[in-house]
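Values quoted throughout were computed directly from the atomic coordinates according to the rules given, and no laboratory measurement underlies them. Computed from a predicted structure; not experimentally measured. Cβ: placed from backbone, ideal geometry, glycine included. Neighbour counts: every protein chain shown.
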């Protein structure tokens with residue numbers, strides 16, 4: 001075991017959460033101590049929320065509850081909230097005031113921060129960074145992309161290697177590869193867009209044959 005639940009508790013959304021405390025030094029793969037024995041962390045509802053293996057940890061006043069899990073080397077920081085069935089794994093980080101819920105999965109080295117909201121069945125992978133007031137929900141998939149500002153991605157939209165920001169909307173079954181999407185742009189329906197700067201609406205359906213170059217799998 002690397003941590004225990006302390007007697008310090010809080011209530012949120014009808015759930016009682018307990019502050020965690022390390023009972024041994026938690027180290028990374030190089031032997032660097034990330035959390036010292038006796039150091040307190042954030043809050044969980046039960047030991048099912050945070051793995052006893054790996055260097056994963058919940059810091060500050062962050063909360064993980066219901067059936068959400070944090071595993072491997074993932075970090076939850078600041079005032080972030082992870083709940084329902086969300087999974088944070090690999091080296092993913094959720095921080096600031098971000099919230100991840102539903103059956104969403106944040107993996108690889110992705111970061112979700114600021115006031116971003118991720119819920120539904122969203123998948124975020126690669127070296128993606130989701131920040132600002134962005135909202136990702138329903139079945140959106142994001143790979144190696146930056147999403148920030150007031151951007152919103154939802155439906156069954158898929159985004160690879162893109163920068164999505166300002167007030168952009170990507171939704172329905174749109175697929176976007178290696179693009180910059182900003183201002184008040186909307187990409188929707190079955191549109192496939194590649195290698196463009198997009199600042200206005202695009203909704204022309206095109207034939208889509210799976211993931212471009214097999215990316216995002």
Given points 7 Å out from each Cα along the Cα-Cβ axis, report the residue 48 to residue 173 separation in nanometres with one decimal. 3.7 nm
Subtract the Cα-Cα distance of residue 25 and residue 109 from 0.36 nm times their separation in residues, and report this length gain in nm to one decimal. 28.0 nm
Would you mind getting me the FRET efficiency between residue 150 and residue 197? Use the beta-carbon distance for r and R0 = 25 Å, nearest 0.05. 0.85
Out of all DSSP beta bridges with both ends in the chain, state the antiparallel percent to the nearest 5. 20 percent
In which sequence would 1, 21 go, from the one with the fewest C-beta neighbours within 10 Å to the one with the most? 1, 21
Based on the Cβ-Cβ distance of residue 79 and residue 184, what FRET efficiency does E = 1/(1 + (r/R0)^6) give at R0 = 25 Å, to the nearest 0.05? 0.25
